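J.: Dropping the structure in here first, questions after.
The values are calculated or read from the model by the stated rules, or taken from the named source; none is laboratory data. Bear in mind the structure is a predicted one, so any value in this text is a computation, not a measurement. Backbone-built Cβ (ideal geometry, glycine too); neighbour counts: all protein chains shown. SASA here: full protein model, heavy atoms, side chains in, ligands and nucleic acids out. Shrake-Rupley method; radii C 1.70, N 1.55, O 1.52, S 1.80 Å.
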Amino acid sequence: RMHEAATIVRPLVATENDLTNLRLMASLLLAAHQDADAEEVIGRFLRKAPQADPQLWIELAKLQFRAGRKAAAIGSFSQALQAGIDRAQLSDKLGKDEELAQIYLAWYKQYQAQHQQSQKQPQRSLFK
């Protein structure tokens, strides 16, 4: 049934702009495993309202990761954090979703490397 629903919404993918409809379409396409169309719809939604649904950033990260675009997935994961994703829910999902856990680990390694780099830079005095 999900494939039937995805077939019905596919012609609307390129033209739909209403946020509620885009969110609905994204859910249908994700459930039907129509990754390319889902990524397009989610991308359109997030360009229009980047803070509206942090969970969509997670879904986008997973789609990008599946497609082998690790750097993009890490960026989308960062966006989910900036958009205010519920950290408790995210923590719970990490234990149940191996794909998401891999994205988190890649993000965390990058975060640590950046943090360590900033610690190595000499601190300037405010009074010099």
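J.: Can you confirm whether Phe127 is assigned to a helix (DSSP H, G or I) and either open to solvent by 40 Å² or more (accessible area, probe 1.4 Å) or at pLDDT 90 or above (or both)?
T.: Details: assigned to a helix (DSSP H, G or I): no; either open to solvent by 40 Å² or more (accessible area, probe 1.4 Å) or at pLDDT 90 or above (or both): yes.
No.
J.: Considering the range 75-89 alone, what residues qualify as being open to solvent by less than 50 Å² (accessible area, probe 1.4 Å), closer than 8 Å to Trp57 by Cβ and not aliphatic (A, V, I, L, M)?
T.: Ser76, Phe77
J.: With the requirement that a residue be without any contact (Cβ under 8 Å) to a residue 24 or more places away in the chain and either surrounded by 16 or more Cβ atoms within 10 Å (Cβ to Cβ) or in contact with a helix residue (DSSP H, G or I) (Cβ under 7 Å, 6 or more places away or on another chain) (or both), what does the range 57-68 give you? Working first, answer last.
T.: Taking the range 57-68 as the starting set, the residues that turn out to be without any contact (Cβ under 8 Å) to a residue 24 or more places away in the chain are 60, 68.
Of everything in the range 57-68, just one residue is without any contact (Cβ under 8 Å) to a residue 24 or more places away in the chain and either surrounded by 16 or more Cβ atoms within 10 Å (Cβ to Cβ) or in contact with a helix residue (DSSP H, G or I) (Cβ under 7 Å, 6 or more places away or on another chain) (or both), namely Leu60.
J.: Another question about this same structure. Restricted to the range 13-34, and to residues that are open to solvent by 50 Å² or more (accessible area, probe 1.4 Å) and among the charged types (D, E, K, R), which residue is nearest to Ile85 (Cα to Cα)?
T.: It comes out as Arg23.
J.: Quick check on the range 42-56: of everything there that is aliphatic (A, V, I, L, M) and outside any helix (DSSP H, G or I), which residue is surrounded by the most Cβ atoms within 10 Å (Cβ to Cβ)?
T.: To start, the set of residues in the range 42-56 that are aliphatic (A, V, I, L, M) comprises 42, 46, 49, 52, 56.
Next, from what is left, pick out any that are outside any helix (DSSP H, G or I): 49, 52.
Numbers: Ala49: 14, Ala52: 12.
Out of the qualifying residues, it is Ala49.
J.: In the list Lys120, Lys109, which residue meets the criterion of being at pLDDT below 90 and exposed (fewer than 13 other Cβ atoms within 10 Å of the Cβ)? Show your work before the answer.
T.: On the way: Lys109 fails: at pLDDT below 90.
The conditions single out Lys120.
J.: List the number of the failed condition for Ala71; all other conditions in (1) surrounded by fewer than 13 Cβ atoms within 10 Å (Cβ to Cβ); (2) modelled with pLDDT under 95 hold.
T.: Going through (1) surrounded by fewer than 13 Cβ atoms within 10 Å (Cβ to Cβ); (2) modelled with pLDDT under 95 one by one, Ala71 breaks only (2).
J.: Taking only pairs six or more apart or across chains, which ones have beta-carbon atoms under 8 Å, a first residue in the range 95-109 that is closer than 13 Å to Ile58 by Cβ and hydroxyl-bearing (Ser, Thr, Tyr), and a second residue that is assigned to a helix (DSSP H, G or I) and open to solvent by 30 Å² or more (accessible area, probe 1.4 Å)?
T.: Short answer, once both residue conditions are applied: Tyr104/Leu94.
J.: While we're here: Tell me whether the range 61-80 contains one or more residues that are assigned to a helix (DSSP H, G or I) and in contact with a Pro (Cβ under 8 Å, 6 or more places away or on another chain).
T.: Taking the range 61-80 first, the residues assigned to a helix (DSSP H, G or I) are 61-66, 70-80.
Imposing the further condition that a residue be in contact with a Pro (Cβ under 8 Å, 6 or more places away or on another chain) reduces the set to 79-80.
Yes.
J.: Moving to a separate point now. Is it the case, given these coordinates, that Leu100 is in a helix (DSSP H, G or I), closer than 19 Å to Leu29 by Cβ and touching a Gly at 6+ places or on another chain (Cβ under 8 Å)? Can you show your working first?
T.: Values: in a helix (DSSP H, G or I): yes; closer than 19 Å to Leu29 by Cβ: yes; touching a Gly at 6+ places or on another chain (Cβ under 8 Å): no.
No, not satisfied.
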